1. When only alpha-carbon atoms count, how far does region 68-128 stretch along each of its three principal axes, as whole angstroms with the largest first?
2. Run the numbers for residue 169 and residue 81: contour at 0.36 nm per residue of separation, minus the present Cα-Cα distance, in nm.
3. Using only the alpha-carbon atoms of region 100-209 as identical scatterers, what base-10 log of I(q)/I(0) does the Debye formula give at q = 0.23 Å⁻¹?
4. Taking 30 Å as R0, compute the FRET efficiency from the Cβ-Cβ separation of residue 105 and residue 199 and round it to 0.05.
5. Full extension from residue 132 to residue 153: what is 0.36 nm times the residue separation minus their Cα-Cα distance, to one decimal in nm?
Amino acid sequence: MSVTEQQPPGPDHGPGSDSREALHDRIAADSLTTRRDYLRIVATVSGGLAVGGLAVAGGILHRHGDTDDGKAPAPKQIASRLLPGESLAFRYPGDEDRAVAVRMDDGTLVGYSAVCTHLACAVLWRKDRGTEGELHCPCHEGVFDARTGEVTAGPPPRGLPKVALTELDDGSIWAVGTTRSGESIEEGLCRQLGGDRPDLAERIGCPGTGGGAEAPPASAPSGDATGRRS
């Protein structure tokens with residue numbers, strides 16, 4: 001799986017170059033949006049955005065990270081290494097769940113759903129935008145904060161769901177869980193583990209379990225949910 005890095009525009013880039021870059025982003029976003037995604041967009045628009053929002057809230061439409069059986073997703077290695085300033089597109093937990101991992105310049109590792117919460121277009125990492133880079137949806141100019149996933153500009157009604165990432169001692173990056181929009185990493189993991197692995201939920205100190213914070217068993221990838229090594 002390749003790791004790509006967004007390069008900032010050179011000093012000779014003018015307005016014409018900006019237009020070409022915007023078109024390139026639009027094409028890239030379209031190429032990452034599957035036929036099923038487009039059908040979902042059409043259905044949402046035809047039925048009205050409010051109805052579509054209620055359908056998602058009611059669990060009728062697929063939400064990122066929601067498995068068919070309701071169990072916590074299995075850990076998945078997404079990269080052998082990710083260096084500061086680099087990003088990686090991947091799928092987790094299912095083949096329909098587009099996601100993006102970003103290593104910030106200060107070493108912070110973050111992961112998000114790469115599906116815009118507006119109309120399900122692809123969200124792209126743009127290192128050259130803003131002071132720390134941005135998560136950008138070129139379809140309708142939606143912008144999300146790279147550190148939190150929250151909306152900073154455009155029409156998206158909610159922040160991006162997070163993907164919990166962890167880094168092992170060998171530098172490999174693993175996806176180990178997901179959240180819904182508005183959930184913290186801890187809330188998402190505890191929600192999924194509570195029904196599937198109550199023993200592990202208690203070990204890591206999920207609310208209502210009476211347990212204390214403790215590292216997962218050795219058979220699971222080590223490291224915390226924010227991507228820093230333990």
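What follows is calculated from the coordinates using simple rules that are stated; it is not laboratory data. The model shown is predicted, which means the values in this text are computed figures rather than measured ones. Here the Cβ positions follow ideal geometry from the backbone for every residue, glycine too, while neighbour counts run over all protein chains shown.
1. Computed over region 68-128, the largest-to-smallest principal extents equal 37, 28, 15 Å.
2. Working: separation 88, 0.36 × 88 = 31.68 nm, distance 1.06 nm.
Length gained, residue 169 through residue 81: 30.6 nm.
3. Here the Debye-derived log intensity ratios amount to -1.19.
4. Working: r = 38 Å, r/R0 = 1.28.
FRET efficiency, residue 105 to residue 199: 0.20.
5. Values: separation 21, 0.36 × 21 = 7.56 nm, distance 1.53 nm.
Computed gain between residue 132 and residue 153 is 6.0 nm.
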